[in-house]
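So the structure is just underneath, and the comments pick up after that.
Just so you know, all these numbers are worked out from the coordinates, no wet-lab data involved. Nothing here was measured: the structure is a model prediction, and the numbers come from that model. Cβ placement follows ideal geometry from the backbone for every residue including glycine, while neighbour counts extend to all protein chains displayed.
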Ligand code: ADP
């Protein structure tokens with residue numbers, strides 16, 4: 001189990017981590033997700049022992065590791081460029097960490113075999129890294145972590161050097177391997193799809209601050225703020241301006257019939273808010289139960305094969321709906337949209353989910 005408590009880090013006047021708290025349970029995989037510069041790699045580097053924190057603690061199984069030198073922490077790190085030694089074979093690459101730890105030759109040989117078998121790379125043991133695909137190199141990098149019997153695996157953007165198709169394939173492999181090995185893992189990524197598929201839980205960072213930690217679906221369905229809502233999901237969630245006045249609600253100035261008001265709309269105090277509604281919760285229909293239906297014009301239609309994205313505008317602002325691929329529409333055509341407001345998330349003007357207040 002990894003516990004990161006009140007971790008802070010500054011570079012001169014630039015505070016890049018602010019009181020970060022994350023717990024990664026035994027055997028769990030947590031994804032650190034956030035835009036570039038949000039502090040993800042800094043957390044990873046502090047845990048790995050490459051840089052020092054200004055404040056806070058990092059514990060593995062209850063024991064602080066911050067005073068230990070990096071090589072004594074029993075942590076395996078997999079970088080985006082794999083960091084395999086090009087002049088060494090696969091076997092020698094995996095053996096290297098064991099030599100550093102002064103493991104005797106006989107045991108080294110056993111552990112290398114074991115590790116390469118686990119990642120299904122035993123038949124490639126005598127090859128050099130440049131004779132392997134990107135995915136295979138990544139597996140060798142993981143074998144090195146397995147061989148040293150690391151308590152914790154840190155993956156730093158491990159898929160960013162791969163093309164889109166291979167990324168998906170290696171992503172599945174990494175997830176399967178991690179499940180099989182039951183090794184506690186932290187993965188850094190800026191790719192929300194990667195975090196959603198790999199992480200048992202995701203910690204979302206912005207500007208050095210943790211925004212929310214939870215399972216992918218918790219974050220997707222119950223984002224604690226507008227940043228989290230906007231960061232997860234493609235196409236992005238739609239944000240509509242809403243106002244409650246004299247007991248009535250309006251969305252972008254259009255009055256919502258009482259029968260369509262969501263529970264949260266009924267309960268919330270009068271004022272101005274933002275409604276977050278995902279594209280899949282805006283369908284084309286005139287008769288959807290409890291949905292708020294309005295007429296708009298399709299401005300752009302994108303058929304993606306399994307689904308269709310229809311973009312439209314209200315008050316000059318662009319929105320998106322995700323509908324069945326069977327729907328055929330031409331840009332400019334009028335359509336009736338049904339907004340499933342009950343699936344919406346309401347944020348206050350500061351961007352906080354009002355359910356969390
Ligand atoms: P991420 O991994 O989320 O892209 P980083 O953790 O790499 O973000 O960086 C967080 C912030 O810390 C950035 O603003 C970056 O410029 C700054 N930073 C990182 N390393 C250094 C350094 N060695 N010196 C000064 N600033 C740094």
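Quick rundown of the values:
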| read-out | value |
| --- | --- |
| Share, in percent, of DSSP beta bridges within the chain that are antiparallel, nearest 5 | 75 |
| Residues residue 120 and residue 209, FRET efficiency given R0 of 45 Å [Cβ-Cβ distance, rounded to 0.05] | 0.70 |
| Per-peptide average of other Cβ atoms within 10 Å, ordering 49-55, 8-14, 108-114 highest first | 108-114, 49-55, 8-14 |
| Highest-MSF residue in the chain out of 155, 177, 17 [GNM, Cα springs under 10 Å] | 177 |
| Estimated distance in nm for a label pair at residue 113 and residue 83, the labels positioned 7 Å out from Cα along Cα-to-Cβ | 2.9 |
| Gain on full stretching of the segment that runs from residue 92 to residue 57 - 0.36 nm per residue minus C-alpha separation | 9.1 nm |
| By average C-beta atoms within 10 angstrom, highest first, the peptides 213-224, 163-174 | 213-224, 163-174 |
| Length-normalised contact order of the chain in % [C-alpha pairs under 8 Å, at least 6 apart] | 16 |
| Relative contact order (percent, whole number), region 205-357, Cα cutoff 8 Å, 6+ residue spacing | 25 |
| Label-point gap, in nm, between residue 303 and residue 130 - each point 7 angstrom along Cα→Cβ | 4.7 |
| Estimated FRET transfer efficiency (residue 165, residue 246; beta-carbon r; R0 41 Å; 0.05) | 0.15 |
| Cα centroid of region 265-336 to Cα centroid of region 155-204, whole Å | 32 |
| Cα long-axis angle, helix 105-118 against the chain (0 to 90 degrees, to the nearest 10) | 30 |
| Ascending count of other beta-carbon atoms within 10 Å, so fewest first, for 47, 274 | 274, 47 |
| Packing-based ranking, highest mean first, of 200-210, 136-146 given that Cβ atoms within 10 Å are counted | 136-146, 200-210 |
| FRET efficiency, residue 315 to residue 21 (Cβ-Cβ, R0 35 Å, nearest 0.05) | 0.30 |
| Over region 20-100, relative contact order from alpha-carbon pairs under 8 Å, at least 6 apart, % | 16 |
| Folded to 0 to 90 degrees: helix 164-181 orientation relative to the chain principal axis, Cα | 60 |
